[in-house]
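**Student:** If you scroll down you'll find the structure; I have some questions about it.
The values are calculated or read from the model by the stated rules, or taken from the named source; none is laboratory data. Quick caveat, the model's predicted, so the values are computed rather than measured. Don't worry about glycine lacking a Cβ; one is built from the backbone with ideal geometry, like all the others, and counts go over all protein chains shown.
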Amino acid sequence: MSTQLKGGPPPRVTTRTIVDMKARGEKIAMLTAYDFTMSRILDSAGIDILLVGDSAGNVMMGHETTLPVTMDQMVFMTSTVVRGAARCLVVADLPFMAYQVTAEEALRNAGRLMQEAGAHAVKLEGGSTVAHTVRKIVDAGIPVMGHLGLTPQSIYKFGTYKVRATDPDEAGQLIADARLLQEAGCFAVVLEKIPQALAAQVTAALSIPTIGIGAGPACDGQVLVMHDMLGLTKDFKPRFIRRYLELHESIGSAVGRYVADVRSGGFPSAEESYDR
Ligand code: KIV
């Protein structure tokens, strides 16, 4: 029986919903978000999952990589996104060094994202090396999303942002890692920047959903960094990004008109001013 009140908020998307969507062949739409206002807009527009990604290091903080992002920053951003999200599932990234040292530390940090920030699940990068950690976190009741392929926290190890797993050895390892993550209890896996045929193979091999970014159309869902799909970023244009807006241009032009209005005395008008 549903406990939802008439006219109340829509039912929350859960990890169960996400897994069931794959079983029904329904595609999953995910975007990143880092603050309350955008979270509210994206949630109202019908997004299934909001990821508070450590890509915040790039698009919100201006770092070259995601490595400088801290747990305290993730807790803060996640808490703002959670307050804006009435319907969707909110997944928070465990940042670099929050889960690599020990499984105990990883569990403590995952717990902070759930308890202090109100996240509904956490995400971490890697395969066989993190499977034990995933199991520990899931056993504590915290849902985990995996992340394979181009994992940005390992960018200095890779030395390049090129497509991953193009050779048979790395492709085989990725399939094995995806299976391990599913066995360890992950409810979904992000596949980043890998050949589409490999993503299709992984998607067919798993009962949990794959969410692709630069991994082709066969994935069970897609994710983009919100700043890229809205065109807030200007010069970052890998082929997997589809820009639905060119916001850097619209915002630049709006601010230009505002500056001109202020300088000319055209803003504020009589209607925009108080008599008492
Ligand atoms: O941090 C992030 O935004 C991500 C997505 C690119 C999947 O991990």
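**Student:** Go through segment 213-223 and give me each residue that's crowded, with 18+ Cβ neighbours inside 10 Å and under 19 Å from F187 (Cα atoms).
**Tutor:** Those that are crowded, with 18+ Cβ neighbours inside 10 Å and under 19 Å from F187 (Cα atoms): I213, A215, C219, D220, G221, Q222, V223.
**Student:** Next question, about the same structure. Please find, among S44, S55, the residue that is within 17 Å of E125 (Cα to Cα) and of a type in the set (G, A, S). Steps first, answer last, please.
**Tutor:** Numbers: S44 fails: within 17 Å of E125 (Cα to Cα).
Result of the check over S44, S55: S55.
**Student:** Then there is this: Please specify each residue of segment 45-76 satisfying the condition of being surrounded by 21 or more Cβ atoms within 10 Å (Cβ to Cβ), hydrophobic (A, V, I, L, M, F, W, C) and more than 29 Å from R16 (Cα to Cα).
**Tutor:** V69
**Student:** Here's another thing I want to ask about it. What residue, of G266, G252, is outside any loop (DSSP other than H, G, I, E, B), over 30 Å from T133 (Cα atoms) and either touching a residue at least 12 places away in the same chain (Cβ under 8 Å) or not assigned by TED's automatic domain parsing to the domain that holds I137 (or both)?
**Tutor:** Among G266, G252, only G252 is outside any loop (DSSP other than H, G, I, E, B), over 30 Å from T133 (Cα atoms) and either touching a residue at least 12 places away in the same chain (Cβ under 8 Å) or not assigned by TED's automatic domain parsing to the domain that holds I137 (or both).
Residues checked against (1) crowded, with 17+ Cβ neighbours inside 10 Å; (2) at pLDDT 95 or above:
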| residue | (1), (2) |
| --- | --- |
| T203 | yes, yes |
| S207 | no, yes |
| I211 | yes, yes |
| G231 | yes, yes |
| F236 | no, no |
| R257 | no, yes |
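**Student:** Quickly run through segment 84-99 and pick out the residues that are surrounded by fewer than 20 Cβ atoms within 10 Å (Cβ to Cβ) and closer than 20 Å to P11 by Cα.
**Tutor:** A86, R87
**Student:** Let me ask something additional. Whether any residue in segment 16-37 is surrounded by 13 or more Cβ atoms within 10 Å (Cβ to Cβ), without any contact (Cβ under 8 Å) to a residue 24 or more places away in the chain and at negative phi is what I want to check.
**Tutor:** Yes, segment 16-37 has at least one match.
**Student:** Here are F76, F36, F96: which of them is farther than 18 Å from G221 by Cβ, touching an Asp or Glu at 6+ places or on another chain (Cβ under 8 Å) and not acidic (D, E)?
**Tutor:** Working: F76 fails: touching an Asp or Glu at 6+ places or on another chain (Cβ under 8 Å); F36 fails: touching an Asp or Glu at 6+ places or on another chain (Cβ under 8 Å).
None of the other options fit; the residue is F96.
**Student:** May I ask you to list pairs of residues, at least six apart or on different chains, whose Cβ atoms are under 6 Å apart, with the first in segment 91-109 being assigned by TED's automatic domain parsing to the domain that holds G53 and within 14 Å of E125 (Cβ to Cβ) and the second being of a type in the set (K, R) and at pLDDT 95 or above?
**Tutor:** Every condition considered, the pairs that remain are V91/K123; D93/K123.
**Student:** Just wondering, is there one or more residues in segment 131-153 that are within 15 Å of the ligand (Cβ to nearest atom), more than 24 Å from A200 (Cβ to Cβ) and of a type in the set (S, T, N, Q)?
**Tutor:** yes
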